[in-house]
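Visitor: Before anything else, here's the structure in question.
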Amino acid sequence: MINNIHHTIQEFALNDSIHLILFFTLLSSFYFYYVTQEEEDAQLHLVKQLLRLDPENKNNTLINDIISKIVTNYPHILDGLKENSNISEKRREEQNLIFKKRTYYSILILLVFLTLINIIIKIYYKEEYIVSFTGTLFSNIISVLILGVVEYIFFVLIVKKYKRMDENTLLYKILKEYQDGNKSKK
């Protein structure tokens with residue numbers, strides 16, 4: 001009975017340590033290098049849909065007509081926007097790099113902390129330490145890879161296809177806020 005408790009403590013500490021590190025690394029990387037790009041694409045799509053922008057069909061709306069004329073007749077505006085965009089993007093990338101570094105440094109600190117706990121447990125149990133590091137590592141790598149694939153499939157099949165507010169509802173809610181704001185001013 002006591003032997004089982006010792007083994008359970010050893011296995012729990014090692015197994016959960018490896019699992020947490022792998023999971024946090026996978027989750028952070030998935031967010032930083034996939035989800036954020038998808039979010040940015042969704043923002044562009046939403047604005048284009050909301051304003052009915054279609055660069056291929058320059059005459060379908062007043063806004064498309066105005067944008068086409070501005071781009072054609074005033075290319076310096078686009079150049080100025082490009083310059084400002086480059087500056088903003090550089091600042092944004094620098095700020096996001098700070099968040100990425102903080103995240104990965106935190107994972108590294110957690111790794112060191114959990115490694116120390118496992119070393120202390122190994123020293124404490126000495127010859128009674130019977131957990132297999134390679135077996136536990138292999139098992140966790142497989143489970144985190146499976147979890148990563150499932151998360152990716154869920155994101156692609158569910159999250160990206162999940163029906164959000166349509167443009168009419170979005171416009172209504174925005175305009176309703178203005179209407180409510182005007183009522184409260186009176």
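A short reminder: the numbers here are calculations on the coordinates, not readings from a lab. The structure presented is a predicted model; accordingly, all values stated were derived computationally and were not measured. Cβ atoms come from the backbone with ideal geometry, glycine included; neighbour counts cover every protein chain shown.
Visitor: Okay, helix-only estimate at 222 nm for the chain: each DSSP H run of n ≥ 4 adds -39500 (n - 2.57), divide by all residues, round to 500 deg cm²/dmol; what do you get?
Guide: -28000 deg cm²/dmol
Visitor: Helix 2-30 against the longest principal axis of the chain: what's the angle in degrees, Cα atoms only, rounded to the nearest 10?
Guide: 20
Visitor: Placing +1 at every Lys and Arg Cβ and -1 at every Asp and Glu Cβ, with all other atoms neutral, what dipole size does segment 1-92 have around its Cα centre, in debye to the nearest 20?
Guide: 380
Visitor: Mind pulling up the Rg/Rh value for segment 109-181? Radius of gyration and Kirkwood radius, both on Cα.
Guide: Rg/Rh for segment 109-181 comes to 1.43.
Visitor: Could you work out the relative contact order of the chain, using alpha carbon pairs under 8 angstrom and six or more residues apart, expressed as a whole percent?
Guide: Normalised by residue count, the contact order of the chain is 42 percent.
Visitor: Just rank HIS7, HIS76, fewest to most, by other beta-carbon atoms within 10 angstrom.
Guide: HIS76, HIS7
Visitor: Still on this structure: For LEU62 paired with LYS185, estimate the spin-label separation in nm (one decimal), with each label point 7 Å from Cα along the Cα-to-Cβ line.
Guide: That separation, rounded to one decimal, is 2.1 nm.
Visitor: Quickly work out the LYS100-to-THR115 label distance, labels modelled 7 Å from Cα along the C-beta direction, and quote it in nm with one decimal.
Guide: Once both label points are built, they end up 2.3 nm from each other.
Visitor: In degrees, nearest 10, range 0 to 90: what is the angle between the Cα axis of helix 62-73 and the longest Cα principal axis of the chain?
Guide: Value to nearest ten degrees: 90.
Visitor: Quick one: what does P(r) look like for the chain with 10 Å bins over all Cα pairs, in whole %?
Guide: Final binned percentages: 7, 19, 21, 20, 14, 10, 7, 3, 0.
Visitor: Same structure again: Under a plain spin-label model, where a point goes 7 Å from the Cα along Cα-to-Cβ, how far apart in nm are PHE155 and GLU128?
Guide: Simple spin-label model gives 4.4 nm for this pair.
Visitor: Oh, and also: For each of SER132, SER28, count neighbouring Cβ atoms within 10 Å of the residue's Cβ, then give the residues from fewest to most.
Guide: Details: SER132 11, SER28 16.
Starting with the residue having the fewest Cβ neighbours, the order is SER132, SER28.
Visitor: With the dipole of segment 78-186 worked out from charges on the C-beta (+1 for Lys and Arg, -1 for Asp and Glu) around the Cα centre, which of ASN96, LEU170, SER132 lies farthest toward the positive end?
Guide: LEU170
Visitor: Return the lysines within reach of LYS100: Cα separation strictly under 29 angstrom, same-chain partners fewer than 8 residues apart disregarded; answer none if there are no such residues.
Guide: Counting by Cα, and skipping residues close in sequence, LYS100 has these lysines nearby: LYS82, LYS90, LYS160, LYS161.
Visitor: Compute the acute angle (0 to 90°) between the alpha-carbon long axis of helix 133-154 and the principal axis of greatest extent of the alpha-carbon atoms of the chain; round to the nearest 10°.
Guide: Roughly 20 degrees, rounded to the nearest 10.
Visitor: What dipole magnitude, in Debye to the nearest 20, does the chain give about its Cα centre under +1 on Lys/Arg Cβ and -1 on Asp/Glu Cβ?
Guide: 700
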